[in-house]
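The values are calculated or read from the model by the stated rules, or taken from the named source; none is laboratory data. All values reported here derive from a predicted model rather than from experimental measurement. We place every Cβ from the backbone using ideal geometry, glycine too, and count neighbours over all the protein chains shown. Surface accessibility is based on the protein's heavy atoms, side chains included, excluding ligands, DNA and RNA. Shrake-Rupley method; radii C 1.70, N 1.55, O 1.52, S 1.80 Å.
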Amino acid sequence: MEKRGWDVLILGGGPGGSTLAASLARRGRRALVLERERFPRFHIGESLLPRSREVFEELGVDEELDRRFLRKYGARFLCGATGRESTYRFAESFEPRFHHAYQVERAEFDQVLLEHARKLGAEVREEWEAKDVLFDGSRAVGVRAKNLREPSEVVELFAPIVVDATGRDTLLASRTRRKASITRLDKTALFSHYRGAFRQSGQDEGNIQIVIFEHGWFWFIPFRGDVTSVGVVVSSSWMQQKQKGEPLEAFYDRTFARSPLAAELIAGAERLRPVSALADFSYRVDQLAGDGWLFVGDAGGFLDPLFSTGAHLAIKGGALAAEAIDQALRAGDVSRASFVAYEANVRYAVDLFLGVVQSFYAGQFRETLFEPNQRPTIRKIITSMLSGDVFHVDRRPPWASFLRDHYPAELPTFA
Ligand SMILES: Cc1cc2nc3c(=O)[nH]c(=O)nc-3n(C[C@H](O)[C@H](O)[C@H](O)COP(=O)(O)OP(=O)(O)OC[C@H]3O[C@@H](n4cnc5c(N)ncnc54)[C@H](O)[C@@H]3O)c2cc1C
């Protein structure tokens with residue numbers, strides 16, 4: 001049993017966990033991060049949103065990220081069926097100060113953030129796996145963890161607050177069966193990296209390109225240099241076309257063959273990694289916090305990556321959780337009541353994105369995205385959403401309310 005006077009135990013050192021740890025350390029709170037892997041390690045989720053830079057600036061890491069990664073000034077959408085295209089540039093959002101984001105190889109990006117948390121004073125243990133959250137009644141009090149370098153070493157660690165930031169592993173939500181799939185987002189992603197794929201030039205070089213076709217959409221995320229992340233998100237009905245025993249690479253190529261536009265963007269390019277697949281990736285949990293515990297990032301839900309929202313929700317969620325935790329510790333009340341505002345803020349942001357994503361698949365938002373005579377205000381609204389300006393539960397500006405009213409999220413029910 002270890003009681004080292006930590007304020008917070010953070011399970012997982014991805015962008016959610018490391019941002020939380022860094023933000024807590026800046027507030028003088030003692031945080032311990034347990035991360036199962038040794039960084040650097042591959043991770044999907046490579047296109048960031050501009051509004052994460054608010055957090056990077058606060059934490060003093062934005063300049064380092066700017067030195068290392070390719071700037072992303074906008075998002076270009078192309079529709080194979082109609083030949084229409086539309087580019088949204090973040091400088092045209094309601095807050096043009098955040099006019100770029102970054103395209104990042106996650107192995108390097110996640111390591112930079114975790115190292116930064118360490119530099120600011122958080123304790124980080126890599127190759128430590130959280131096995132279980134320990135409860136005293138309904139209140140989380142600690143964690144049982146294993147040192148993977150000394151597998152016989154399983155210890156119990158205690159702190160007033162435990163944060164599950166284990167990403168899609170959803171350590172706590174899986175154990176407590178608090179997870180539900182999101183209606184009509186039963187998609188599969190196939191992805192790899194390529195050398196020499198097409199990219200735009202000048203300031204547009206770093207744009208994400210999204211190509212829509214009959215079975216879903218492709219992403220093209222250029223990194224600094226000549227490597228591009230290329231993936232496709234497809235419907236479950238298209239996945240059923242995969243033949244038994246057909247290698248994933250062959251099915252991936254066959255998917256590209258259905259979209260001449262997407263195929264053209266990788267013509268002559270070299271595939272650098274085996275194709276990976278992830279199925280049914282959108283889910284929600286019934287509660288984002290309880291007595292002595294919180295979820296941050298994917299551990300508390302995941303939304304189809306159409307608008308590259310996952311890392312932003314984890315990063316901004318980490319920063320907001322730090323604020324709520326700091327206040328709760330100061331007030332000496334770590335019960336669920338202290339985290340209600342955190343939960344409401346994250347839910348507001350997620351549901352805004354969710355409604356628009358669901359409407360995209362239903363067809364309505366797709367029309368608006370490519371509208372030839374789009375009103376300038378609509379363009380600004382879409383651009384602001386795409387830049388990640390979505391955490392507005394307190395202010396509810398008219399443009400955010402417009403999105404929520406026009407594209408209401410359809411939520412799963414929990415038993
Ligand atoms: C196909 C696909 C494409 C995507 N594209 C994008 C994109 O372009 N842009 C974007 O922003 N997002 C994208 N995402 C989402 C993005 O990957 C995630 O939202 C983001 O990584 C969430 O960060 P996190 O810190 O919550 O979780 P993670 O980044 O998953 O980090 C969790 C960490 O916890 C560790 N861990 C897990 N279990 C344990 C344990 N028991 N003990 C200790 N440590 C543990 C893991 O090793 C990991 O390092 C995409 C997702 C998918 C599926």
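Quick notes
- Residue-by-residue Karplus 3J(HN,Hα) for region 152-157, coefficients 6.51, -1.76, 1.60, Hz, glycine and proline x: 7, 8, 10, 10, 10, 10
- Counting charges near D286 (Lys, Arg +1; Asp, Glu -1) among other residues having Cβ under 12 Å from its Cβ returns a value of +4.
- The calculated FRET efficiency for E123 paired with R254, based on their beta-carbon distance and R0 = 51 Å, is about 0.60.
- Gap separating the Cα centres of region 48-72 and region 132-200, nearest whole Å: 25
- Ordering of 245-256, 24-35 by burial proxy (mean other Cβ atoms within 10 Å per residue, highest first): 24-35, 245-256
- Protection-proxy order for peptides 326-338, 370-382, 153-165, each taking the mean of Cβ atoms within 10 Å per residue, highest first: 153-165, 326-338, 370-382
- Hits among lysines - C-alpha to C-alpha of K187 under 18 Å, sequence gap 8 or more where chains match: K179, K242
- Label zone at S235 (point 7 Å along Cα-to-Cβ), backbone N below 19 Å, region 177-216: 182-190, 211-216
- Most mobile of E343, E58, E323 in a GNM of the chain (Cα contacts under 10 Å): E58
- Relative contact order, percent, the chain [alpha-carbon distance under 8 Å, six or more residues apart]: 21
- Positive contributions from Lys and Arg (+1) and negative ones from Asp and Glu (-1), summed over other residues with Cβ under 12 Å from the Cβ of L354, come out at +1.
- Spacing of the two label points (7 Å from each Cα toward its C-beta) at R67 and E410, in nm: 4.9
- Cβ-defined net charge surrounding E95, 15 Å radius [Lys, Arg +1; Asp, Glu -1]: +4
- Linear extension gain, E205 paired with A341, 0.36 nm per residue minus alpha-carbon span: 45.1 nm
- Per residue, in Å², the accessible surface of region 187-279 once ligands and nucleic acids are set aside, probe 1.4 Å: 43
- Placing a label point 7 Å from the Cα of F42 along the Cα-to-Cβ direction, the residues of region 102-120 with a backbone N closer than 12 Å are 106-107.
- Taking 0.36 nm per residue of separation and subtracting the Cα-Cα distance, full extension of the segment from E270 to K131 would add 46.1 nm.
- Rounded to 5, percent antiparallel among DSSP beta bridges of the chain: 75
- Among the DSSP helices (H) of the chain, those spanning at least 24 angstrom by Cα along their long axis with an average Kyte-Doolittle hydropathy of -1.0 or more are 310-331, 340-362; this is a geometric and hydropathy rule only.
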